[in-house]
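Student: Below you will find the structure I want to go over with you.
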Amino acid sequence: MAAAKSQAMTGLGIVIGMKATAAATTYTDIGEPTDITPPQQMDDEIEVTHFNSPGGVKEFIGGLTDPGECTFTINYIPGGPTETLILGAKSERRPRGFQLIWPNGVKWTFDLLIRGFQPTAPLNDRLTAEITGRVSGSIVITPAPGGN
């Protein structure tokens with residue numbers, strides 16, 4: 001039997017988009033993204049240990065799900081359209097529609113509250129900015145067109 005070929009992929013081709021306004025129906029691409037750490041959904045744990053817990057070992061059940069934070073880095077263009085889009089969303093202090101399209105076409109859609117914008121200006125390298133946001137509500141995952 002032949003070994004299965006890996007289906008691993010790189011991040012090349014990821015598209016990050018944000019709605020320009022709360023009422024927008026389309027997404028504006030985030031310019032020149034170079035890195036993204038998507039949200040990690042994490043469930044709260046609720047301790048339910050009682051006097052008769054088997055073996056005197058703590059017991060837990062799942063609680064509410066924290067949809068997590070999303071952090072991404074861009075090539076920073078001071079005064080550029082991506083800076084304007086991000087800082088505009090940050091100044092409103094309300095979540096905006098956000099999407100992440102993976103290289104295989106799978107799409108994650110969620111609302112993101114922009115909390116941080118951190119430009120970096122090294123002496124002998126490109127300008128970058130790191131954007132941090134908190135996901136508000138559920139993450140909707142849409143399969144790739146054609147089922148990839």
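Every number here is computed from the coordinates shown, using simple stated rules; none is lab data. Please read these numbers as outputs of a predicted model, since none were measured by experiment. Don't worry about glycine lacking a Cβ; one is built from the backbone with ideal geometry, like all the others, and counts go over all protein chains shown.
Student: What angle, in degrees between 0 and 90 and rounded to the nearest 10, separates the Cα long axis of helix 81-92 from the longest principal axis of the Cα atoms of the chain?
Tutor: So the helix axis and the longest Cα principal axis differ by about 50 degrees.
Student: Which aspartates and glutamates, if any, have their Cα less than 14 Å from the Cα of Lys19, not counting same-chain residues under 8 positions apart?
Tutor: Answer for Lys19, where 14 Å is the Cα cut-off: Asp29, Glu83, Glu92, Asp111, listed by chain and number.
Student: Normalised by the number of residues in the stretch 20-148, what is the relative contact order in percent for Cα pairs under 8 Å and 6+ residues apart?
Tutor: On the way: 243 pairs, mean separation 31.6, N = 129.
Once divided by the residue count of the stretch 20-148, the mean separation gives 24 percent.
Student: Report the extension gain between Lys5 and Ile61 in nm, rounded to one decimal, defined as 0.36 nm multiplied by the number of residues separating them, less their alpha carbon distance.
Tutor: Numbers: separation 56, 0.36 × 56 = 20.16 nm, distance 3.87 nm.
Extra length available between Lys5 and Ile61 comes to 16.3 nm.
Student: Then there's this: Just add up the charged neighbours of Val48: K/R +1, D/E -1, any other residue whose Cβ is under 15 Å from the Cβ of Val48.
Tutor: Numbers: positive: Lys58; negative: Asp43, Asp44, Glu45, Glu47, Glu59.
Net charge in that neighbourhood comes out at -4.
Student: Test of the criteria: in the stretch 63-112, which trypsin sites (Lys or Arg not before Pro) are in a DSSP loop and have at most 14 other Cβ atoms within 10 angstrom of their Cβ? Before the final figure, lay out the partial values.
Tutor: Values: sites: Lys90, Arg93, Arg96, Lys107; in loops: Arg93.
Here the sparse-neighbourhood loop sites are Arg93.
Student: I've got another one for you. Filter the chymotrypsin sites (Phe, Trp or Tyr not before Pro) in the stretch 1-89 down to the DSSP loop ones having no more than 10 other Cβ atoms within 10 Å, then list what survives.
Tutor: Details: sites: Tyr27, Phe51, Phe60, Phe72, Tyr76; in loops: Tyr27, Phe51, Tyr76.
Those that pass, being in a loop and sparsely packed, are Phe51.
Student: Let me ask something additional. In sequence order, what are the phi-derived ³J(HN,Hα) couplings for the stretch 98-106 according to the Karplus relation 6.51 cos²θ - 1.76 cosθ + 1.60 with θ = phi - 60°, rounded to whole Hz, with x for glycine and proline?
Tutor: 9, 9, 10, 10, 6, x, 8, x, 5
Student: I've got another one for you. Can you figure out the FRET efficiency of Val106 with His50, using R₀ = 35 Å and their beta-carbon distance, to the nearest 0.05?
Tutor: According to the calculation, E is roughly 0.25.
Student: Moving to a separate point now. Report Rg/Rh for the chain, rounded to two decimals, where Rg is the Cα radius of gyration and Rh the Kirkwood radius.
Tutor: Rg divided by Rh gives 1.11.
Student: Only Cα pairs within less than 10 Å get springs; with that Gaussian network setup on the chain, which residue of Ser138, Ser53, Ser91 has the largest fluctuation?
Tutor: In the Gaussian network model the winner is Ser53.
Student: Want the number for Arg94 to Ile14: 0.36 nm per residue separation, take away the alpha-carbon distance, what's left?
Tutor: Values: separation 80, 0.36 × 80 = 28.80 nm, distance 2.48 nm.
Value of the extension gain: 26.3 nm.
Student: Given springs between every Cα pair under 10 Å in a Gaussian network model of the chain, which of Ile30, Ile61, Ile114 has the largest fluctuation?
Tutor: Ile61
Student: What residues have an amide H closer than 5 Å to that of Thr21, excluding those fewer than 5 places away on the same chain, when H is modeled at 1.01 Å from N in the peptide plane?
Tutor: Correct list: empty.
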